[in-house]
Amino acid sequence: MRYKWLIIFILTLNFSCRKENKPIPIAEFSYIYLHQCTVPATISFQNLSQYGKVYRWDFGDGTPPTYDNNPAHTFINEGIYKVTLTAYGNGGMHSEQKWIYVVRTPIIDFHVSDTIKNVNDTIYFTAETLSGVLPSSWFWNFGDGQTSILQNPYHVYTTPGVYDVSLTAVNACGSSFVEKKKHIKINSPGNAPIADFVASNTTIMAGQTVNFSDLSSNIPTSWQWTFNGGIPSTSTQQNPTQILYTTPGTYDITLTVSNAYGTHTLTKSNYIQVLSSGPSTCKIKRITIKQMPFPPQPPVVNVYYKITDYNGNVYLNGINQIIYQVSQYYLPVSFFINPPYTFPSMNKLYKIEFYDRKQMNDFLIGYVEFNPSNYPQYPTIVTLDQNNMNVEIEWLWQ
């Protein structure tokens, strides 16, 4: 209240003393982020005004104004805020406004208008974000060699097939990557179907179940599954679930699909491995980097990996597999390990460290960690989302 009366007094004094030609205040300020790329975010403001006596700060986020000279303010929510500084003096008043961006690394997803279409049909892609501020740029990879930088593009596939789709979003705080494997099926009208499928897990313990997903192209109208060793042993569902395996062994899976134009059969031999007890070894076959931080200048790295532990032991050094000039638009990238590397212990915390190869000293980009014993279902693929990295590991259990 005392500031209110002081402002009224100054303005009254201004009108009564115009002949004295008092200087008009000039409002100006600067700011720095005390907590950048985080939400909440605290920002420190510095008053650079001239000829003012009283200063009012409005932060544009619904909080009450403050009359501190150099305030620090915490913005609770992500967003773009108009901060206003008003300077009151003997010569009048003046305001200065600046936009403040409170952002973090984008959180994104996407959906498509159709996942099954024919050649030359149009599919619409929509980016979704959980962030309060839209990313500054987008990059779509449609899986057929074509890309787009629009937020919500459309695309026409000209060749039959099954396509992966990925989206990368970038803002001042970093990038996010989301990929959906085998997401788009493009069929040739009038063609017989081509059978394909995938299992939720290919290595299990006796007494566990497996789910199967149809990936066939050219729009089948009927499905015939044969599960050697499974209960039930057959199914006519498109995506059978809860197929039980009770006897240890290695089993084939067969899928026959049909439509009005023909029939096609696919058998995956030795596809399901059923173990009588837990596997004694775990091997790593492939490492795929789907997301990682990049330096600002230049925004590319010469990336390689090391498998280590927290005692400093190096189990596998992939420096001979350097992938050069990797940028955020080049992701994902994969390292294939041939032959697969066998971990010395099933119950140990390992790290996969990723380095940028330099002429002098290599730079540690980041790492992910895992313990094989933490995955009792023995998945073939494990995704690790840690330390601003998203890494996919393909394993082989024996």
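Any residue that is of a type in the set (Gly, Ala, Ser), touching a Ser or Thr at 6+ places or on another chain (Cβ under 7 Å), surrounded by 16 or more Cβ atoms within 10 Å (Cβ to Cβ) and in a strand (DSSP E or B) - is there at least one of those in segment 82-92? Yes; the residues of segment 82-92 include at least one that is of a type in the set (Gly, Ala, Ser), touching a Ser or Thr at 6+ places or on another chain (Cβ under 7 Å), surrounded by 16 or more Cβ atoms within 10 Å (Cβ to Cβ) and in a strand (DSSP E or B). If I ask for residues that are of a type in the set (Lys, Arg) and more than 30 Å from His73 (Cα to Cα), which ones from segment 99-128 would you list? Within segment 99-128, Lys117 is the sole residue that qualifies. Apart from one condition, Val178 fits all of (1) within 26 Å of Phe110 (Cα to Cα); (2) touching a Gly at 6+ places or on another chain (Cβ under 9 Å); the exception is (2).
Applying the set (1) farther than 22 Å from Leu396 by Cβ; (2) surrounded by 11 or more Cβ atoms within 10 Å (Cβ to Cβ); (3) at pLDDT 90 or above to Pro295 leaves exactly one unmet item: (3). In segment 134-154 there is no residue that is in contact (Cβ under 8 Å) with a residue 12 or more places away in the chain, surrounded by fewer than 19 Cβ atoms within 10 Å (Cβ to Cβ) and at positive phi.
Note on segment 343-361: residues that are in a loop (DSSP other than H, G, I, E, B), at pLDDT 90 or above and farther than 26 Å from Ser277 by Cα total 1. Checking the stated criteria, Ile284 turns out not to satisfy the condition of being within 21 Å of the chain's Cα centre (by Cα) and in contact (Cβ under 8 Å) with a residue 60 or more places away in the chain. Considering only segment 86-126, state which residues are out of contact with any helix residue (DSSP H, G or I) (no Cβ under 7 Å at 6 or more places or on another chain) and among the small types (Gly, Ala, Ser). The answer is Ala87, Ser95, Ser113.
Of all residues being hydrophobic (A, V, I, L, M, F, W, C) and in a strand (DSSP E or B) in segment 219-250, which is surrounded by the fewest Cβ atoms within 10 Å (Cβ to Cβ)? Just the residue, please. Restricting to residues being hydrophobic (A, V, I, L, M, F, W, C) and in a strand (DSSP E or B), the top hit is Ile231.
The values are calculated or read from the model by the stated rules, or taken from the named source; none is laboratory data. All values reported here derive from a predicted model rather than from experimental measurement. For neighbour counting, all protein chains shown are included, and Cβ atoms are generated from backbone atoms with ideal geometry for every residue, glycine included.
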